[in-house]
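Working notes for the structure below.
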Amino acid sequence: MRGLPARSLDSTVDVIAVVVPVHDEQELIAGCLQSLVAAARAVRAITSIHVVLDACTDGSALIAARFPVCTSAVEAGSVGIARDAGVRAALRAFAHVPPARLWIAHTDADSTVPLHWLAHQIMLAEQGADVVIGTVRPDFRDLTREQTDAWWATHTPGVANGHVHGANLGTRASVLVDAGGFPPIPLHEDVRLIEQVRMRGASIIASDGAWVRTSGRQYGRAEGGYAEYLRTQLVPLAASIRGIDESHAASEIST
């Protein structure tokens with residue numbers, strides 16, 4: 001976890017809003033919301049969970065209705081639009097709260113967060129972070145043995161790699177608004193947002209202190225997303241890293 005720069009401004013967080021975009025996740029959304037409700041109860045701040053049902057044709061809405069969450073619906077078929085709709089709903093709900101004191105956490109409906117997920121983000125926020133980039137781990141029950149070995153070969157527990165995942169992200173509302181919010185695109189909206197945030201000089205910290213478990217399914221809701229990475233890129237990446245390590249070892253032996 002990288003150190004935080006000193007801040008002179010008050011970094012207190014009074015309110016937390018969690019935004020969850022959903023597109024046909026009836027198999028996994030209950031686990032997601034159950035984990036979020038538990039994480040919300042574990043923090044002192046006022047917390048609300050905003051679920052955005054995006055072009056759902058399954059039972060996701062009925063399942064979400066069982067939980068103490070705020071729901072809205074869009075027919076966009078775009079995670080960027082859905083996340084933005086959730087952010088806007090949170091900003092309306094807490095219009096009386098100074099944006100710098102409103103924290104917006106982000107995850108996905110196919111993911112489950114740990115009990116200390118929000119507490120960890122708020123701890124970093126009150127130390128001065130404007131953005132927290134968290135890590136994810138796939139549900140290894142969805143992976144082959146080769147994929148599982150490859151994942152562990154490319155990740156070090158406790159070390160944040162800095163990769164941006166919408167399933168584990170936290171943003172101060174003021175910084176999110178200043179960056180223009182999530183762009184209305186169907187993929188990599190999270191990465192594009194952080195690019196804008198970096199350009200504006202916000203305080204960003206990457207942490208593995210509250211990793212999120214996300215689905216390890218091989219075919220996801222959008223082409224080019226995490227599922228495709230697991231299916232087509234993970235094993236070759238691990239092989240290339242092993243090749244580099246073996247090459248370095250051979251070079252050291254020869255010298």
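Of note:
- Calculated mean residue ellipticity, 222 nm, the chain: -11000 deg cm²/dmol, from DSSP H runs (n ≥ 4) at -39500 (n - 2.57) each, averaged per residue and rounded to 500.
- Exposure rank, largest accessible area first [226, 219; 1.4 Å]: 219, 226
- Heavy atoms of residue 140 accessible to a 1.4 Å probe, total area in Å² rounded to 10: 60
- For the chain, built as a Gaussian network whose Cα springs stay under 10 Å, the top-fluctuating residue of 126, 228, 146: 146
- Under a 5 Å amide H cut-off, with hydrogens placed 1.01 Å from N, residue 137 pairs with 212, 213, 214 among residues at least 5 apart or on other chains.
- Applied to segment 127-137, the Karplus parametrisation 6.51 cos²θ - 1.76 cosθ + 1.60 on θ = phi - 60° returns per-residue 3J(HN,Hα) values of 8, x, 6, 8, 9, 10, 9, x, 9, 10, 10 Hz, with x for Gly and Pro.
- Among the protein heavy atoms of segment 47-142, carbon and sulfur supply 58% of the accessible surface, probe 1.4 Å, non-protein parts ignored.
- The 3J(HN,Hα) values that the Karplus relation (6.51, -1.76, 1.60; θ = phi - 60°) gives for segment 219-227 are, in residue order, 10, x, 7, 9, 5, x, x, 4, 4 Hz. Gly and Pro appear as x.
- Taking all protein chains as shown and a probe of 1.4 angstrom, residue 116 keeps an accessible surface of around 90 Å².
- Under a 5 Å amide H cut-off, with hydrogens placed 1.01 Å from N, residue 55 pairs with 74, 75, 76, 77 among residues at least 5 apart or on other chains.
- Coupling constants for segment 175-187 follow from the phi torsions by the Karplus curve (6.51 cos²θ - 1.76 cosθ + 1.60, θ = phi - 60°), and in residue order they are 6, 4, 5, 4, 7, x, x, 6, x, x, 10, x, 7 Hz; glycine and proline get x.
- Exposure of residue 12 as accessible area (Å², to 10), given a probe of 1.4 Å and all protein chains: 40
- Listed residue (47, 155, 73) projecting farthest to the positive dipole end of the chain, Cβ model: 47
The values are calculated or read from the model by the stated rules, or taken from the named source; none is laboratory data. Keep in mind that what you see is a predicted model, and the values were worked out from it rather than measured. For neighbour counting, all protein chains shown are included, and Cβ atoms are generated from backbone atoms with ideal geometry for every residue, glycine included. Surface accessibility is based on the protein's heavy atoms, side chains included, excluding ligands, DNA and RNA. Shrake-Rupley method; radii C 1.70, N 1.55, O 1.52, S 1.80 Å.
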